[in-house]
Each structure stands twice: as C-alpha cells, then as structure tokens.
Amino acid sequence: MKWKRKANPPHTKERKIIHIDMDAFFASVEQRDNPELRGKPIAVGGSKMRGVVAAASYEARVFGVRSAMPSVTAKRLCPHLIFVRHNFARYQEVSYQIRDIFLSYTDLVEPLSLDEAFLDVTEPKRGPASATLIAQAIRQEIYDTTQLTASAGVSFNKFLAKVASDINKPNGMKVITQAEAPAFLAALPVKDFHGVGKKTAARLEKMGFRTGADLVLLSELEMAQRFGKMGRHLYRIVNALDDRPVNPNRIRKSVGAERTYFEDVSTRHEMREKLDFLATKVFSYLKEKNNFGRTVTLKMKTPDFVTHTRSRSFSGEVRSLADLREVAHQLLDENIEEVPVVRLLGLSVSNLEREGMGGVQLLLPFEEE
C-alpha cells in the first residue's frame with residue numbers, strides 16, 4: 001500500500017500514538033512454523049510437571065491458560081494442552097522483521113518487549129497523515145511479511161493507546177479520540193488501568209473506586225494524599241493528561257537472567273553452580289555493553305511458587321565476573337536456611353552506569369537441558 005504525500009504537516013501538541021501488540025506471539029510463531037500445531041491449544045515453555053508457561057495460544061486461553069502460569073496448573077485447566085519447547089532465537093528474528101516495519105514509518109519507536117511497541121506517527125516518514133490508516137497498513141505489512149497477526153491501539157497518548165490495543169484482540173484495532181476519551185476513561189474499571197497491579201486495584205475497589213468515573217472526582221492533591229506517588233499517575237491518566245513521549249531510547253534499569261529447573265535444587269553446592277552459570281550470562285552481556293551496575297539481586301522461587309528476592313548495593317560498580325559470583329554466593333549463603341529448596345533461581349544487576357544503554361531480561365531456557 002503506497003501513498004503520495006505532501007510535506008510533513010507542522011507539529012501540533014496532539015500526538016498520534018500507536019501501540020502495536022502481536023497476538024499470542026511466541027505461540028503464533030510456533031503454530032506458523034509447525035502446521036500440525038495449528039488450531040490446537042499449545043503452551044510455549046515449561047512441561048507437564050515443571051516450569052512456567054511463556055505464552056499460550058488462543059485455543060489454550062479458552063481454558064484459562066495464561067503466560068507466567070505454572071505448567072502444572074495449565075495442564076490441570078487444559079488436560080490436552082501441548083507443551084512446545086521455546087525457540088527464542090527464532091522469536092527475536094521475527095521481532096526484528098517487525099521492528100524494521102515500524103522504523104520504516106517513524107524513528108520514534110519504543111519497544112516494550114519482543115512483541116509490542118509504541119510508535120509516534122505525528123509526523124510519519126511515509127504513509128498517510130492518519131494514524132488510523134498507518135496502523136492498518138502496519139498490521140497488513142506485518143501479516144504479509146510474517147504471516148502473523150497484530151492488534152493495535154490508536155490514540156493521542158500512550159496510556160489510551162496501550163489500553164485500546166487490548167480491546168479488540170486478536171487481530172483487531174481500536175481508536176480513541178480526544179472527544180471519546182472522557183467517556184471511555186469514566187467507564188474503564190480500575191483493574192483495567194495499565195500499570196495498576198492486582199493489589200492496588202483491589203485496594204482501590206475496597207475504597208469505593210471501581211471505575212474512572214469514581215477517580216476523576218478527586219483533585220490531584222487528593223489523589224496524592226490518598227495513594228502517594230501512584231495517585232499523581234492516576235490523576236494524569238484518568239484525566240487524559242498522560243503526556244509521556246514515545247522514547248526510542250527507553251530506560252531499562254537492570255540486566256538479569258533466570259531459570260526454572262526440571263527438579264528442585266536442594267543443596268548449596270548445586271545452587272552455587274547454577275548461580276555461576278547465571279552470573280556468566282549476565283556478566284557477558286554487561287561486559288559486551290561496557291555497562292556495569294552497583295546492585296546485585298538474587299531471586300529464589302520455592303517449589304510452592306513463593307518468590308524471595310534479596311539485594312546488595314555497592315558504592316561502585318561490580319566489574320568482574322568473580323566479584324559478581326562472590327556476591328551471588330553471599331546472598332545465597334545468607335538466605336539458604338530460609339529458602340533451602342528452590343525450583344527457580346535468578347540473578348540481576350541494576351543501578352547501571354548508563355541505564356539508557358542496557359537493561360534486559362536475558363532470554364534463557366526455562367529449564368535445564
């Protein structure tokens with residue numbers, strides 16, 4: 001699809017923001033590449049007894065299977081669920097194809113993960129002046145290139161675009177204009193406010209704030225007094241005042257890696273060995289980017305899925321693999337009595353020297369080979 005365009009329109013205060021979210025991305029790639037999986041409930045990652053679900057096909061979601069769900073729970077909900085081994089290299093490859101499509105329309109692309117991103121198309125490099133038409137064209141180009149579907153949200157700010165992209169999933173689109181925003185936000189349940197977690201939503205509902213219509217009655221000061229820092233954020237989004245720009249150099253604050261194991265790990269020696277493996281992966285990335293950090297965090301998940309995190313910060317950056325391993329071992333030794341058996345270990349480094357230059361969750365298998 002091609003258009004002839006005049007010179008770029010002058011910049012206006014009203015941004016044109018698109019949020020693109022691929023539909024069941026990991027699972028859809030697997031179904032595309034393996035015809036025998038099409039139309040069947042599949043879970044990427046995990047196994048019948050161990051690990052967690054990285055992604056679920058829409059056929060599996062009908063049964064309540066969701067990402068980050070323990071595999072054993074997913075299997076109980078959907079007894080005929082098919083577990084598929086993940087292929088992160090392949091997912092990255094497809095993600096880069098999609099990213100190239102985004103960048104052909106605008107340089108203002110803010111990736112949130114492999115399968116979603118914000119785009120500012122206020123002044124696009126090509127295509128029509130309409131963000132709606134650009135979103136349609138991008139979705140079509142993604143399908144033509146990858147045979148995968150994407151959903152889109154289009155609005156004048158990031159919050160509304162993000163929420164909108166989820167409304168007509170899968171393979172759908174939703175546009176929210178400035179004129180439509182007040183009524184849309186008033187009717188939106190607080191549990192559906194992007195950025196509001198389950199605990200905060202439950203707390204808000206217990207206080208009588210069930211929809212945007214309840215929140216919009218409060219002033220910014222009242223919001224801040226009742227809800228602290230979150231209150232100011234809520235005030236801005238419920239009043240359609242979210243003015244955050246699309247940031248192509250989005251700040252990421254940590255580099256981490258974690259693994260879930262086929263069998264529970266119950267000895268200090270084995271835990272140390274597995275932490276050494278994670279430390280090597282994390283440090284290799286930090287060294288490659290020449291971007292080190294001052295805070296080391298150990299993550300431990302028990303067999304009954306209780307997560308414990310412990311951190312240690314330093315005045316200077318941890319700049320050697322030996323030091324990173326030593327800190328990881330110390331954190332383990334200090335907490336092994338409280339958490340003597342684990343099903344998952346994770347290690348991350350934060351407070352990076354140049355937070356805008358690095359910070360990722362390294363893509364490691366969910367289980368040991």
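Pick from region 126-159 the residues that are closer than 22 Å to P182 by Cβ and over 21 Å from the mean Cα position of the chain (by Cα): which of them is surrounded by the most Cβ atoms within 10 Å (Cβ to Cβ)?
Per the criteria, the residue is A131.
Check off (1) part of a helix (DSSP H, G or I); (2) surrounded by fewer than 21 Cβ atoms within 10 Å (Cβ to Cβ); (3) aliphatic (A, V, I, L, M) for I167 and give me the number that stays unchecked.
Failed condition: (1).
When you scan region 241-262, do you find a residue that is surrounded by fewer than 20 Cβ atoms within 10 Å (Cβ to Cβ), of a type in the set (A, V, I, L, M) and farther than 30 Å from V349 by Cβ, even just one?
Yes: region 241-262 contains one or more residues that are surrounded by fewer than 20 Cβ atoms within 10 Å (Cβ to Cβ), of a type in the set (A, V, I, L, M) and farther than 30 Å from V349 by Cβ.
Which residue pairs have Cβ atoms under 6 Å apart, sit 6 or more places apart or on different chains, and have a first residue in region 75-91 that is assigned by TED's automatic domain parsing to the domain that holds V52 and closer than 12 Å to K40 by Cβ and a second that is at pLDDT below 95 and among the polar types (S, T, N, Q)?
These pairs meet every condition: F83/S47.
Condition check: touching a helix residue (DSSP H, G or I) at 6+ places or on another chain (Cβ under 8 Å), part of a helix (DSSP H, G or I) and either in the same structural domain as D166 (by TED's automatic domain parsing) or not aliphatic (A, V, I, L, M) (or both). Does F102 satisfy that?
Against the criterion (touching a helix residue (DSSP H, G or I) at 6+ places or on another chain (Cβ under 8 Å), part of a helix (DSSP H, G or I) and either in the same structural domain as D166 (by TED's automatic domain parsing) or not aliphatic (A, V, I, L, M) (or both)), F102 qualifies.
So which residues in region 286-315 are β-branched (V, I, T) and either surrounded by 15 or more Cβ atoms within 10 Å (Cβ to Cβ) or not in a strand (DSSP E or B) (or both)?
Within region 286-315, T295, V296, T297, T302, V306 qualify.
Condition check: outside the structural domain of S113 (by TED's automatic domain parsing), in contact with a strand residue (DSSP E or B) (Cβ under 7 Å, 6 or more places away or on another chain), of a type outside the set (A, V, I, L, M, F, W, C) and surrounded by 15 or more Cβ atoms within 10 Å (Cβ to Cβ). Does T211 satisfy that?
It is true that T211 is outside the structural domain of S113 (by TED's automatic domain parsing), in contact with a strand residue (DSSP E or B) (Cβ under 7 Å, 6 or more places away or on another chain), of a type outside the set (A, V, I, L, M, F, W, C) and surrounded by 15 or more Cβ atoms within 10 Å (Cβ to Cβ).
Kindly establish whether V175 is surrounded by fewer than 19 Cβ atoms within 10 Å (Cβ to Cβ), more than 30 Å from R294 (Cβ to Cβ) and modelled with pLDDT of 95 or more.
The answer is yes for V175.
Restricting the first residue to region 308-321 and requiring it to be in contact (Cβ under 8 Å) with a residue 12 or more places away in the chain, which pairs with a second residue that is assigned to a loop (DSSP other than H, G, I, E, B) meet a Cβ separation below 8 Å and a spacing of at least six or different chains?
Every condition considered, the pairs that remain are H308/T302; H308/E338; H308/V339; E317/F292; E317/E353; V318/F292; R319/F292.
The values are calculated or read from the model by the stated rules, or taken from the named source; none is laboratory data. Given the structure is predicted, the values throughout are model-derived calculations rather than measurements. Cβ sites come from the backbone with ideal geometry, for glycine too, and all protein chains shown count toward neighbours.
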